[in-house]
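Note sheet for the following structure.
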């Protein structure tokens, strides 16, 4: 039981719940990363002529026009940073690989006598 009111019953919500989204936002809410990746892939594989036609298509969605425009501008200007941004967002960033040469720190610590470690920790 919560406070002085009636006990909470599972499945019942208080008030009217979350307000309904306006119709123009409801469609955008359905936009998933998978959909955007598919649009990017579609435009990334187009020829220059196909790209121009696709961007002039009156039936193209706004997300198609936005993604297509970014892809087209990156290609036209040879903008490597814009292209990298697109790849990072759509494919995922490539993980940096750090190579380590030399002994592991654990191996090094295993060789230090315990008494020396204690002495160093005490400030000696």
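Observations, loosely collected:
- Hull volume per residue, based on the alpha-carbon atoms of the stretch 30-92 and their convex hull, is 74 Å³.
- Extension gain from residue 29 to residue 118, taking 0.36 nm per residue of separation minus the Cα-Cα distance: 26.2 nm
Quick note: the coordinates plus some simple rules give every number you see, no bench work behind them. Keep in mind that what you see is a predicted model, and the values were worked out from it rather than measured.
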